[in-house]
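So the structure is just underneath, and the comments pick up after that.
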Amino acid sequence: MNNRTMKEIERLEAGGDSWEASTPIDEPVRVKQPLDKVLQVRLTEEQWQAMRRRANDLGIGPATLMRMWVVEKLREPQPARG
């Protein structure tokens, strides 16, 4: 833990107000939509390990990374069908 985090923990343990250092925001907060569909994807061991490494480098889980990639692809314009 860094020094700032330790000081914050000490302040809260001493009875400090958790809202004391917060800053109000002016823009709306985006609420996550519930994820209710599950898709099973089969990968080789090599592909799975590569996915885990990339996700780990980004500080996220492999399922989150895969979901980000799918959403990114879905946002791309579709090519016209012949």
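None of the figures in this text is laboratory data; all of them are computed from the coordinates on show. What you are looking at is a predicted structure, and each value in this text was computed from that prediction instead of being measured. Neighbour counts are summed over all protein chains in view; Cβ atoms, including those assigned to glycine, are modelled from backbone coordinates with ideal geometry.
Over every Cα atom in the range 37-77, the radius of gyration and the widest Cα-Cα span, Dmax, amount to 11.0, 32 Å. Placing +1 on the Cβ of every Lys and Arg and -1 on the Cβ of every Asp and Glu, with nothing else charged, gives the range 37-77 a dipole about its Cα centre of roughly 160 debye. Report the full-extension gain for the segment ALA63 to ALA50: residue separation times 0.36 nm, less the Cα-Cα distance, to one decimal in nm. That pair, ALA63 and ALA50, stretches by 3.4 nm at full extension. A Förster radius of 25 Å combined with the Cβ-Cβ distance from LEU74 to GLU27 puts the calculated FRET efficiency at roughly 0.50.
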